Amino acid sequence: MVSVLGDDGLGGGKLGGRTEIIDLKTNKEVQDLGKYSVDEYSLQHKGELGVKGILNFVEVKEAQMQVVSGIKYYLKVNVIQNGMSKIFDAVVVVRPWDRSKELVQFAPYAN
């Protein structure tokens, strides 16, 4: 018998549900997606942010993934804005079969 929820470094979880991603500091793919989300948001809002609103990626602090039509990543991204550390929620969908990714949501974290 083979387990679909084996020890894959993702933290386990229900099929189709969100799964915690562990070892974030060493997970290059997740850190790259965090940087992508900051860069993409900055590009989309270039005129609105101005020099003082520039966001600089620091690291992904928390991450979950969900298999949908692709892989949906839910990220808590730490950025520096105006010299202050801030957390943003980002949702990125990756479709490996066509090598695409899309920033679906990026907003300041609201506790």
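Coordinate-derived values only; no laboratory data. The shown structure was predicted, so the numbers you read here are calculated from the model rather than taken from an experiment. Virtual Cβ from ideal backbone geometry, glycine too; neighbours counted across all protein chains shown.
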Anchor Lys46: aspartates and glutamates whose Cα lies under 20 Å away (excluding residues fewer than 8 positions away in-chain) = Asp89, Glu102
Between Glu59 and Ala110, what is the label-to-label distance in nm when each label sits 7 Å out along the Cα-to-Cβ direction?
-> 2.8
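What is the fewest-to-most order of Leu33, Leu103 by other Cβ atoms lying within 10 Å of their Cβ?
Ordered by Cβ neighbours within 10 Å, fewest first: Leu103, Leu33.
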Subtracting the Cα-Cα distance from 0.36 nm times the residue separation, let me have the gained length for Asp39 to Ile87 in nm, one decimal.
-> 15.8 nm
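Add +1 for every Lys or Arg and -1 for every Asp or Glu among the other residues with Cβ under 9 Å from the Cβ of Lys76, and state the total.
-1
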Burial ordering of Asp23, Asp89, Asp98, Asp39, fewest other beta-carbon atoms within 10 Å first = Asp98, Asp23, Asp39, Asp89
